[in-house]
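Data first, discussion second: the structure below is written as structure tokens.
The values are calculated or read from the model by the stated rules, or taken from the named source; none is laboratory data. Predicted model, so just to flag it, every value in this text is computed and none were measured. Please note that ligands, DNA and RNA were not included when accessible areas were found on the heavy atoms of the full protein model with its side chains. Shrake-Rupley method; radii C 1.70, N 1.55, O 1.52, S 1.80 Å.
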Amino acid sequence: MRNSNISANHRLYIRNFLTDFRRQSSVNEYKLPNALTKSLAVTDEETAELSATRLSISNSLTSVHKQCEDEDNEESNKLIDIGRVASWAVGFEKLLNDEIGLHVFTEFLKKEFSQENIQFWIECEKLKKLSDPDEIRNKANSIWSTYLHDTDDGSCRINIDSRTRQECQQSLLNNPNAHIFEKAQSQIFQLMKLDSYTRFLKSNMYKDCIMSEMEGKPIPYITKPQQTSVNNEERSKTIDSLAKLKEEEKKDKKRSPLLPWTKALIKWKRLSAAPETSKSFF
């Protein structure tokens, strides 16, 4: 009995405890949303203020970033205007897109006996600008025979792999287009960029160009073509003048046989008229 009474009392205590706990829990659950709503309202305000602050900071950072970009663009434009030779070191494409830079780099490759690489690249660029099929075919055949055709030792002038060379030959036989040598041109481009271009930037030729630009002098290694063009113009003028002189000489030679006959005719008339005048006097 005692054990049963204890167990019954224990059960009643537990039941009462659970009832109180559930009641308190229901009250807390009922009161919790108000407190939670209040805390959430404060959190939303704080979040709104925080988002506004972040927005203003983001806008200010964007404006500052844009201003920095504008300043960088202005500085880069100034560098391009002032340092034309210095811009060649920015990238290999920058060098090739500059007419003077391309000429100086070609002169550098001539000293290294590898000018066929840049010449092949230039000819491929000219080929890409063509649209007429006959012109494309003629230009492609010319490029093939000049740079890709077999030499005496069985190789070609430019350094490309045999597979690319075979693909170019097959395309040339089937249906050549303006981009027939694009893969070979890409290989030569990478070869010049990784090998010749790095040596060019370390060469005395590039240093001379930099120093001349800093001192405000004309860029060297570009006067020879101008002089040759002037010489060619003078030669053409002299050739034209000589041709004119030859034409005049030919005309004189054609007229010259008539001159003695006219002189002889005038002299004969004078001699024939002289006796008559003498006879009249007598």
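Cross-link pairs exceeding 20 Å in C-alpha to C-alpha distance, out of 126/217; 110/193; 111/217; 129/193; 94/126, comprise 126/217; 111/217; 129/193.
The heavy atoms of residue 110 offer some 90 square angstrom of accessible surface to a 1.4 angstrom probe.
Compared with the direct C-alpha span, the chain from residue 112 to residue 215 gains 34.3 nm at full extension, assuming 0.36 nm per residue.
Applying the Karplus relation 6.51 cos²θ - 1.76 cosθ + 1.60 with θ = phi - 60° to the range 179-186 yields 3J(HN,Hα) values of 10, 5, 9, 5, 5, 5, 5, 5 Hz, where x marks Gly and Pro.
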